[in-house]
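Working notes, structure below.
The values are calculated or read from the model by the stated rules, or taken from the named source; none is laboratory data. The shown structure was predicted, so the numbers you read here are calculated from the model rather than taken from an experiment. We place every Cβ from the backbone using ideal geometry, glycine too, and count neighbours over all the protein chains shown. Please note that ligands, DNA and RNA were not included when accessible areas were found on the heavy atoms of the full protein model with its side chains. Shrake-Rupley method; radii C 1.70, N 1.55, O 1.52, S 1.80 Å.
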Amino acid sequence: DAFIKHKDSEANSDFITHGRVSTIKISLNKWFLYFVGEGKKLDKITRHDFEKYFIWRREEAPDVRNATLINERALISSLFKFGITRGFLRIEQSPIFPKLNIKKSQVERRDSFDYEEWVKFYSIFP
């Protein structure tokens, strides 16, 4: 909750968007809490718990994109860094993720706008 509150304050200060905060909340509530267990005590989470995260994540959602896994790893690492700096977690709990053998060419990118889409978008939000 403290992490989300912190992200909300970042959004209110225009450091990140409110949409990003919504994405963070969804990711933490849907995947992170499901993985660690919603009722699990913070001091019971170990750094080794995340060594099988990517395998578990692919089992739960086989169509998960590589970019999503990379983003979730960054989010969880950020969450733990926040928890450590605030004294909620110990440094020894910093998550260890397996290496992702993903080449840049394998990270899916969103399609760019074609000219007509860009004109439509720009005319709505000048």
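Report whether or not Glu59 is in contact with a helix residue (DSSP H, G or I) (Cβ under 8 Å, 6 or more places away or on another chain), exposed (fewer than 14 other Cβ atoms within 10 Å of the Cβ), in a helix (DSSP H, G or I) and not hydrophobic (A, V, I, L, M, F, W, C). No: the conditions fail for Glu59. Of all residues in segment 56-82, those being aliphatic (A, V, I, L, M) and free of Cβ contacts under 8 Å to residues at least 12 places away in the same chain number 3. Consider segment 77-95 and keep the residues that are among the basic types (Lys, Arg) and closer than 20 Å to Phe35 by Cα. The one that is nearest to the chain's Cα centre (by Cα) is Lys81.
Would you point out the residue of segment 22-36, among those that are among the β-branched types (Val, Ile, Thr) and within 14 Å of Asn71 (Cβ to Cβ), that is least open to solvent (accessible area, probe 1.4 Å)?
If we filter segment 22-36 for residues that are among the β-branched types (Val, Ile, Thr), which is where we start, we get 23-24, 26, 36.
Still in the running and within 14 Å of Asn71 (Cβ to Cβ): 23-24, 26.
Values: Thr23: 72, Ile24: 5, Ile26: 108 Å².
Result: Ile24.
Among the residues of segment 37-56, those identified as surrounded by 12 or more Cβ atoms within 10 Å (Cβ to Cβ), more than 23 Å from Arg86 (Cα to Cα) and more than 14 Å from the chain's Cα centre (by Cα) are Glu51, Lys52, Trp56. Within segment 1-28, being under 18 Å from Pro95 (Cβ atoms) and without any contact (Cβ under 8 Å) to a residue 60 or more places away in the chain holds for Ile24, Ser27, Leu28.
Tell me, please, whether a residue that is of a type in the set (A, V, I, L, M, F, W, C), in contact with a Leu (Cβ under 8 Å, 6 or more places away or on another chain) and open to solvent by 30 Å² or more (accessible area, probe 1.4 Å) can be found in segment 84-95. Yes, there is a match, as at least one residue in segment 84-95 is of a type in the set (A, V, I, L, M, F, W, C), in contact with a Leu (Cβ under 8 Å, 6 or more places away or on another chain) and open to solvent by 30 Å² or more (accessible area, probe 1.4 Å).
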